Amino acid sequence: MTQAILREIIAYANRANPYPLYEELRKTPVSQDGDGPYVVSTYYEIHSLLHDPRISSDAKNLKATGDDPLGSQSDEEGTTLPPSFLKLDPPDHDRLRRMTNRPFGPPHAPHRVHDMRDELGGLVTGLIDGIVETGQLDRIDLVDQFAYPFPVTVICRLLGVPREDEPRFHVWAETLAASLDPDPDADPTQHGKGSMDARMELGMYLAGLIEERRKKPGDDMLSQLATADGPDGAMTTMEALSTSALLLIAGHETTVNLITNGMLTLLRHPDVLQRLRDDPDLAVPIVEELLRYEPPVQLLPQRTTLSDVEVAGVTIPKGASVWLMLASGNRDPKRFEDPDRFDPDRKDIQHLGLGSGIHSCFGAPLARQEAQLALSELARRLENPRLLEDPPQYRQNAVLRGPRHLPIACDGIRP
Amino acid sequence: MRDGSLEHLKREGRIVVVGASLAGLRAAETMREKGFAGSLTMIGDEPYEPYDRPPLSKQVLLGNAVADHTALPRRRAIDADWRLGVPATGLDMAARRVRLGNGDEVEYDRLLIATGVRARPWPNAEEGALQGVFVLRTRDDGEGLQRALAAGPRRVLVIGAGFTGSEIASACRERGLDVTVAERGEAPLVGALGGVIGEVAAGMHRENGVDLRTGVMVTSLESDPSGRVRAAHLSDGSTVEAEVVVVSLGAQRNTEWLAGSGLGAGPRGIACDAGCRAFDVRGIVTDDIYVAGDVARSPHALFGYQFLSLEHWGNAVAQADTAAHNMLSESTDRRPHLWVPAFWSSQFGVNIKSVGVPPMGTEIMITQGSLAERRFAAVYGYQGRMIAAVTFDNCRWLPFYEQQIESTAPFPPPFSTVDRRSDGIKPLPADFPDPSVPTHGPTITLSGYSPADRKMTFTPGR
């Protein structure tokens, strides 16, 4: 039963609107069918598991799932790069995340994200000006012309990766993001092989850059990761590689969906779009509500129990695979009143859109700032924007969910 | 009150809040939020609008924030009659009147008492008044101490190594000042977190260059001819020369103004029921007087319904909200204050957080991380159940432990966790000092079952 719903959620045909399926799923807060994963779909249960030290993110703790009918993602990481901190437990997770945070956020770099504001504003302006220059306002692809290039350029500048190499690592990033996607119809060996190769190639590419930065450091994060010597010492080359690969992919494949889902949602709610046009500060609550309503990361499919864990009356046995359905928790009526309503005026909005606990989104402050700037500028500059396709065409990925293209038209673009 | 009197109260009643700090302000905001349209009077003995105290022992002492920039953010306008800089000096329960220090009287239909605590002064008043001797509780205290530290004293002496004392010592070291800490217990934080954690805290002091002296008392302070403190004499016969002395011996509850009023108030605070209604001295609950924040002691279901007093920021906010709600509700709509004690501290670059009541614990187990690295989560056990938890630089796990405590989970915990190390193989004795021996004063106090607090003799402090 649940398995059937889970398959439907993953099935591409339901990508545009998985929310009715989540609603069905929530009738059983913790469910399992056959040998499939334990699926947790309600807010409070997800929230508590995100803070539960009996839950591991390290795939090594997973019991073999050879007959898992969903063909859980193979651990492709082991053979090439060591796992990034996303797939590690403390203390290794904590040490690597702490070292990565040192050049990125408080307490050691409290101004880094804030200081990027002008630069981000310039990028947004440039991309929208670029749309004007095409002269084609009757068909704009908001993904290819704006929502994709913006965060990619930002993450490249932050890391110190040359923007002109983008076509090369774009392919690897796409492949690796796709490998997160539990696609039941893909050939698992091909799937695993492809992402292994991509990971290897991305690793080699980054290794070259890191080598350069070691010799001649700049003020970018690659240099800082490569030359770090804080209280935790230095990262090994392999650690620096898997960490920078993680940041590059995460910066690549998530914010694009936040911005695109955001514009799609605003175009479906013209009253809110108008309010944002009148008051750019409304971008802050709008982005929070978007993270609840259309989260760019829909579910976390790679957690494991270290002990038997009782959740909502169900005992999840030790070594089981646990999927946390963040997007479903965000629409749980036990937590949010009228959850299917997009309402930026919500007072109480502790959503799960960026996760919670030790693995909560590392880039959250940057993603928020990017989305706030992008949406408020789009709202301000596009005259009478409208959707040309609704729903638009989505990406394959069920985990990192968002439109592949978002064709819109507008009457003009304000300076 | 089904006779419309509640509606009348909401429309044109008079609510008086004594205590214009965190709890008082948050309660006032909640009352307005709930549609209270009558008159609201805020009485505070300090001349300032409500401000935040946690930064006073942290950012303010480091000079990173200015003491007069710590005003609490407002959730909404409260349209109150502010009577600041005037202490309340008496309460006439029968006439429903609060007397003020300037002779004024203010009448109320509902009263909220949130007078909090003050710093326990140095027991010898003459020595306590010497130049260079400080306590730290108020904005003025913070400002004065910050200036004294900025002047670059040759040595600072901190008396008492509880949370505030430890934070002050940490700030001194961060400013590059030599500092001696004298603690009567065997380790810093020992009253609040026990000996196992106290030892970790002692390591933090010493590694950061604090001259930590434990198991000693300061017996007297000595001044130079100009009336400035110059040295302290310790019970072990030693002398510490210091130009600045900070007395950090815990807090005293501001209840003296209620002496003789008939309210159940004493040195341990004002007893109230789970709905924040104050008890009178006969143990009968009042209908029109409510209590919130540090000055309250209220029974807690999780801890055997003993009266619990908490000097915690989060408790003040939560209890104020509940009190305000209940003051404006029919009896069946009232809510209990079921806050699980929680607090945090920041010292020597380490974030310390705790939930539950650690001093109730007899055993402790390090469930995650390691004591040696000073990054860990530990749980306290009492009669086979989990009663509290503490984290050092590991606070993101705390909601899990809070849930375990709330559901009276067993101790020692029967499950494995991420990051379990050799420290976490078996429980250790938690090693709390005998509670009858005064140390720096824990910020959580269980004080028995009597609402009238009769076992303690009431003595006016000033």
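The values are calculated or read from the model by the stated rules, or taken from the named source; none is laboratory data. Since this is a predicted model, take the numbers as computed values, not measurements. Note that each Cβ is placed from the backbone with ideal geometry, even for glycine, and that neighbours are counted across all protein chains shown. Please note that ligands, DNA and RNA were not included when accessible areas were found on the heavy atoms of the full protein model with its side chains. Shrake-Rupley method; radii C 1.70, N 1.55, O 1.52, S 1.80 Å.
So, for region A:2-413, what is the accessible surface per residue at a probe of 1.4 Å, expressed in square angstrom? Spell out each step's value before the answer.
Details: 16360 Å² over 412 residues.
Accessible area per residue: 40 Å².
Can you tell me the orientation of helix B:22-33 relative to chain B, as the angle in degrees between its alpha-carbon axis and the longest Cα principal axis, to the nearest 10?
Helix B:22-33 sits roughly 40 degrees off the main axis of chain B.
How large a share of the accessible area of the protein assembly as shown, in percent, is made up of carbon and sulfur atoms when the probe is 1.4 Å and the other protein chains stay in place? Walk me through the intermediate numbers first.
Values: 17570 of 35220 Å².
The value for the protein assembly as shown is 50 percent carbon and sulfur by accessible area.
Of B:Thr164, B:Val216, B:Pro188, whose Cα points farthest to the positive end of the dipole of region B:73-228 (charges on the beta-carbon: +1 Lys, Arg; -1 Asp, Glu; origin at the Cα centre)?
Projecting each Cα onto the dipole axis, the largest value belongs to B:Thr164.
Can you tell me the dipole magnitude for the protein assembly as shown around its Cα centre, using point charges on the Cβ only (Lys, Arg +1; Asp, Glu -1), in Debye to the nearest 20? Before the final figure, lay out the partial values.
Values: 93 positive and 119 negative charges, 342 e Å.
It comes to approximately 1640 debye.
Determine the dipole magnitude for region B:120-249: charges of +1 sit on the beta-carbon of Lys and Arg, -1 on that of Asp and Glu, nothing else is charged, the reference point is the Cα centre, and the result goes in debye to the nearest 20.
On the way: 13 positive and 18 negative charges, 38 e Å.
So the magnitude is around 180 debye.
In region B:342-433, what is the volume of the convex hull around the alpha carbon atoms, normalised per residue and reported in Å³?
On the way: hull volume 8.8 nm³, N = 92.
So the per-residue Cα hull volume is 95 Å³.
Within region B:88-206, what percent of beta bridges assigned by DSSP are antiparallel, to the nearest 5?
Percent antiparallel among DSSP bridges in region B:88-206 is about 65.
Skip the ligands, DNA and RNA, and give the accessible area per residue of region B:342-433 with a 1.4 Å probe, whole Å².
37 Å²
Restricting to DSSP loop positions (anything but H, G, I, E, B) with no more than 16 other Cβ atoms inside 10 Å of their own Cβ, which chymotrypsin sites (Phe, Trp or Tyr not before Pro) remain in region B:270-333?
Here the sparse-neighbourhood loop sites are B:Tyr305.
Report the Cα-based extents of chain B along its three principal axes, largest first, to the nearest Å.
Taking the Cα atoms of chain B, the three principal extents are 65, 63, 41 Å.
In Å², nearest 100, what accessible area do chains B and A bury in total when the solvent probe is 1.4 Å? Show your work: numbers first, answer last.
Working: alone 19250 and 17450 Å², together 35220 Å².
For chain B against chain A, roughly 1500 Å² becomes buried.
Taking only the Cα atoms of region A:260-401, how large is their convex hull per residue, in Å³?
Dividing the Cα hull volume of region A:260-401 by its residue count gives 127 Å³.
Can you say what percent of the DSSP beta bridges in the protein assembly as shown, counting only those with both residues inside, are antiparallel? Round to 5.
The antiparallel fraction comes to roughly 70 percent.
Per-residue mean of other chain beta-carbon atoms within 10 angstrom of the beta-carbon, peptide A:352-359?
2
Counting only other chains, and only Cβ atoms inside 10 Å, what mean value do you get across the residues of B:409-417? Before the final figure, lay out each step's value.
On the way: counts 0, 0, 0, 0, 3, 2, 9, 7, 9.
The shielding value for this peptide is 3.
Past 19 Å, Cα to Cα: identify those pairs from A:Lys63/A:Lys87; B:Lys58/B:Lys353; A:Lys60/A:Lys318; A:Lys63/A:Lys193, in the order given.
Table pairs above 19 Å Cα-Cα are A:Lys63/A:Lys193.
Can you pull the mean other chain C-beta count within 10 Å for peptide A:87-94? Mind showing how you got there, number by number?
Details: counts 0, 1, 4, 11, 8, 1, 2, 8.
For peptide A:87-94, the averaged partner shielding equals 4.
Calculate the FRET efficiency for B:Arg385 and B:Arg335 from the Cβ-Cβ distance with a Förster distance of 22 Å, rounded to the nearest 0.05.
0.30
May I ask you to give the solvent-accessible area per residue for region B:138-292, in square angstrom, as obtained with a 1.4 angstrom probe?
Averaged over the residues of region B:138-292, the accessible area is 34 Å².
With everything on Cα atoms, drop me the angle between helix B:139-150 and the longest principal axis of chain B, reported from 0 to 90° to the nearest 10.
The helix B:139-150 is inclined about 20 degrees to chain B.
Considering only DSSP beta bridges with both partners in region B:147-286, what is the antiparallel share in %, to the nearest 5? Kindly include the intermediate steps, with their values, before the conclusion.
Values: 13 of 25 bridges.
Just about 50 percent of them are antiparallel.
At q = 0.16 Å⁻¹, what is the base-10 log of I(q)/I(0) for region B:95-165 according to the Debye formula with one equal point scatterer per Cα and no solvent? Please give it to two decimals.
The calculated log intensity ratios at q = 0.16 Å⁻¹ are -0.76.
Report, ordered by chain and residue number, the lysines lying within cross-link reach of A:Lys334, taken as a straight Cα distance under 24 Å and ignoring same-chain residues fewer than 8 apart.
A:Lys27, A:Lys347, B:Lys34
When N is the residue count of the protein assembly as shown, what does its C-alpha Rg come to as a fraction of 2.2 N^0.38 Å?
Computed over Cα atoms of the protein assembly as shown, the ratio equals 1.03.
Sorting check: for B:322-328, B:398-404, A:32-38, which peptide has the highest mean count of neighbouring beta carbons within 10 Å, and how do the rest follow? Could the numbers behind the result be given before it?
Values: B:322-328: 25.3, B:398-404: 21.0, A:32-38: 18.7.
Peptide ranking by packing, descending: B:322-328, B:398-404, A:32-38.
Against the longest alpha carbon principal axis of chain B, how many degrees, from 0 to 90 and to the nearest 10, is the axis of helix B:190-207 turned?
Result, in degrees: 50.
Would you be so kind as to identify all helices of chain A, as entire DSSP H runs, whose Cα atoms reach 18 Å or more along the helix's own axis and whose mean Kyte-Doolittle hydropathy is at least 0.0?
A:117-134, A:237-253, A:255-268
Assign unit charges at the C-beta atoms only (+1 for Lys and Arg, -1 for Asp and Glu), then state the dipole size of region B:342-433 relative to its Cα centre in Debye, rounded to the nearest 20.
120 debye
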